[in-house]
1. Consider only pairs whose beta carbons are under 6 Å apart and that are at least six residues apart or on different chains; among these, list those whose first residue lies in region 53-68 and is under 12 Å from G27 (Cα atoms) and at pLDDT 95 or above and whose second residue is in a helix (DSSP H, G or I) and not basic (K, R).
2. Go through E43, E33 for me and flag whichever is over 15 Å from the mean Cα position of the chain (by Cα) and acidic (D, E).
3. Identify all residues within region 116-152 that are farther than 17 Å from A182 by Cα and modelled with pLDDT of 95 or more; write none if there are none.
4. Do you know which residues across region 28-59 are touching a Lys or Arg at 6+ places or on another chain (Cβ under 9 Å) and part of a helix (DSSP H, G or I)?
5. Taking P196 as meeting all but one of (1) touching a helix residue (DSSP H, G or I) at 6+ places or on another chain (Cβ under 8 Å); (2) modelled with pLDDT of 95 or more; (3) surrounded by fewer than 21 Cβ atoms within 10 Å (Cβ to Cβ), write down the number of the exception.
6. Go over the candidates L183, L109, L167 one by one and state the one that is in contact with a Cys (Cβ under 9 Å, 6 or more places away or on another chain), touching a residue at least 12 places away in the same chain (Cβ under 8 Å) and crowded, with 18+ Cβ neighbours inside 10 Å.
7. In region 96-106, what residues are under 17 Å from I160 (Cα atoms) and buried (at least 22 other Cβ atoms within 10 Å of the Cβ)?
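The values are calculated or read from the model by the stated rules, or taken from the named source; none is laboratory data. Computed from a predicted structure; not experimentally measured. Cβ coordinates were reconstructed from backbone atoms using ideal geometry, including for glycine residues, and neighbour counts include every protein chain displayed.
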Amino acid sequence: MAIVNVTPDSFSDGGERLRPAQAIDDGLRFVAEGADVIDVGGESTRPGARPVAPEDEAARVLPVVAALARQKVVVSIDTRRASVARACLDAGAAIVNDVSALRDDPDLLPLMAGCGAAVVLMHRRGRPERNYEGPAYGDVVEEVRRFLVERAMICETAGISRDRIALDPGIGFGKSVTENLALVAGAGRLAAAGYPVVIGASRKGFIGKLTGLGDPRDRDPASVWLAVEATRRGADIVRVHNVAATRQALAVSAAMR
């Protein structure tokens, strides 16, 4: 899953794709490099980010989603708003990737139940504008697993079939370095619940703390290693910035196994 942020303030690539044409070109390039899904986002979820008006979010992402879908690209829309999701699904998106696990907008759960699209449910503690602050975790993997399975069961009860649901532990969303590493290592414990697991560790701040690299774009080697490790531990999907390097590493890792 390749990341295409159409935002001015995302932590790694904010401002790089404010022109839809650039975002579309990058999405098609990522497909050529081996991406299976293009994840388009119009609202930054970095710590400290402020909410974006739904109409502004939609204006950013819709031209990109529609153009990529016309090229038969599998598009995921990274949003927590029903109005944005509905417009993007109508434009051809196949997946809704929601950092709030369908909690922030009460209209999003029934929307997903009434359509055939897939949904990624992510664990998030707190809010971005409050830096995802919250109480300390005990067993972070078990707490995140329990939350995600509960959300998945709510989705199934609402009418979303199990084969349309994936789980994301929310690497970097209010977790410490140790907790993020534990969640990557614990991907198999999440997968044991019977849903595909998505790991999105690419270029995140905890890598900077481990390596001393302040610029997120310098963190690709560690990001690629984490993607390989996540798949070795049980993840089905990795959400990344550097598609070519990750695809090469995953191919070699698969051959080694």
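1. What qualifies is V64/P20; V64/A23; V64/I24; V65/C88; A67/I24; L68/G27.
2. E33
3. Listed by number, the residues that qualify are A117, A118, V119, V120, L121, V149, E150, R151, A152.
4. Matches in region 28-59: E33, P54, E57, A58.
5. Unmet condition: (1).
6. Every option except L109 fails the conditions.
7. V96, N97, D98, A101, L102, listed by residue number.
Quick grid of which residues meet (1) under 17 Å from H123 (Cβ atoms); (2) touching a residue at least 12 places away in the same chain (Cβ under 8 Å); (3) in contact with a strand residue (DSSP E or B) (Cβ under 7 Å, 6 or more places away or on another chain):
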position	(1), (2), (3)
G172	yes, yes, no
Y195	yes, yes, yes
G208	no, no, no
R217	no, yes, no
A227	no, yes, yes
A235	yes, yes, yes
A245	no, yes, no
L250	no, yes, no
